[in-house]
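A short write-up of the structure that comes next.
The values are calculated or read from the model by the stated rules, or taken from the named source; none is laboratory data. Keep in mind the model is a prediction, meaning the values are calculated, not measured. Using ideal geometry, Cβ is built from the backbone for each residue, glycine included, and neighbour counts are taken over all protein chains shown.
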Amino acid sequence: MATRELTPQDFETLLEFSKTLAQTAGKIIVEGSNAILNQDQGNVDEKKNSVDLVTQWDVKVEEHVKSEVAKTWPDFHFIGEETFSSGSEKPSLTDAPTFCVDPIDGTTNFVHGFPYACISIGMFYKKQPLLGVIYNPFLNEMYYGLKGSGSYVSFPYLDKPLRLPIASQRSLPSLSQALIGVEWGSDRRLSVMQQKATSFLRLAGDKDEIPNARMAHSLRSLGSAALNYGQIARGGLDIYWEVGCWPWDVCAGIVIALEAGCYVTGSKNFFKAHRHEEPTLMTDWTELIWGRKYIVIRGIADTPSEKGRDAQRRLVQDFYDSVEEWDAI
Ligand code: IPD
């Protein structure tokens, strides 16, 4: 079947559709949270281990989103966390418009009542991230963006959405001044935990005592990859790095972040091979998106001696010189 050609008008329609869908899904997420917290976590199941959680609400939200997409855009492809987990094969990126959805990103937060969970609705088109909507229904905050049209955040206490980043781009001379997003993830094997701990030690630890340390301002773990991307796009976090995420955790966030002037890349090897390419011009995201290793750094202002993009690349290099890397399972 020939790939459907989308027009700029279709892009706008799809973004509005995704924003509305995120809000209706958000109602189900809040309903689920109330049910779980009042039933003493009776509906929480484990996936690959006891810290990789899923609930009937993840499945319910994904079914809702999938059926709304199928009703409105029947010829579009769909990649969803729960559909993938239930045994389907790894879907490859094609030229077709493809929704890429995490129904509840931050499931651990969701089951604990920690209000940092969201729905993440992304879309690939012609193997590139096209649009993203990230909605946290507990705080009623929505990040959204469309390739080439900027990204925004809406807050319940403001009449109008704000263009991202919220504040003008600041400089970031070195990692020592950075607020860094990291996650514990669900891979708790000893070798991986040792490498994570060593990496965290070097990022946060005292330069005078710890070899290769950067002594960043601090480390943060929000517990949701998508919301970490939102924070990077708005300029609240400086860098977010994680090994082990999936395409549905990051697809929406990548669009929102790139539109806010952030720099996005993959593993150490991916960065080495592609560091001189401009991410907004990358034509095939398959390798990066399925690579399970992602790093994103906020927009940085140009200085007389260095372009912001060059500063972003220099800091990613410095970050990768400091941390370890392992295979995601
Ligand atoms: C997870 C969250 C978490 C991150 C994991 C993700 P889920 O998604 O984003 O912060 O550390 O890598 O898989 O399981 O809550 O949808």
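Quick notes
- Lone unmet requirement of (1) within 16 Å of the ligand (Cβ to nearest atom); (2) touching a residue at least 40 places away in the same chain (Cβ under 8 Å); (3) acidic (Asp, Glu) for residue 82: (2)
- Of all residues making up region 209-260, the number that are in a loop (DSSP other than H, G, I, E, B) and in contact with a helix residue (DSSP H, G or I) (Cβ under 7 Å, 6 or more places away or on another chain): 14
- Selection over region 175-208 of residues that are hydrophobic (A, V, I, L, M, F, W, C) and touching a helix residue (DSSP H, G or I) at 6+ places or on another chain (Cβ under 8 Å) gives a count of 6.
- Hey, residue 51 assigned to a loop (DSSP other than H, G, I, E, B), touching a helix residue (DSSP H, G or I) at 6+ places or on another chain (Cβ under 9 Å) and surrounded by 13 or more Cβ atoms within 10 Å (Cβ to Cβ) or not: yes
- Counting only strands (runs of 3 or more DSSP E) that sit completely within region 138-196, those holding 1 or more residues that are outside the structural domain of residue 222 (by TED's automatic domain parsing) correspond to 141-146, 150-154.
- Residue match in region 86-97 (condition: touching a Pro at 6+ places or on another chain (Cβ under 6 Å), free of Cβ contacts under 8 Å to residues at least 60 places away in the same chain and not assigned by TED's automatic domain parsing to the domain that holds residue 251): no
- Put simply, of 74, 91 the only residue that is at pLDDT below 95, more than 14 Å from the ligand (Cβ to nearest atom), surrounded by fewer than 22 Cβ atoms within 10 Å (Cβ to Cβ) and not small (Gly, Ala, Ser) is 91.
- Search result, residues across region 102-133 that are within 11 Å of the ligand (Cβ to nearest atom), crowded, with 24+ Cβ neighbours inside 10 Å and among the aliphatic types (A, V, I, L, M): 104, 117, 119
- Every test in (1) assigned to a helix (DSSP H, G or I); (2) charged (D, E, K, R); (3) in contact with a Lys or Arg (Cβ under 9 Å, 6 or more places away or on another chain) is passed by residue 327 save one, and that test is (1).
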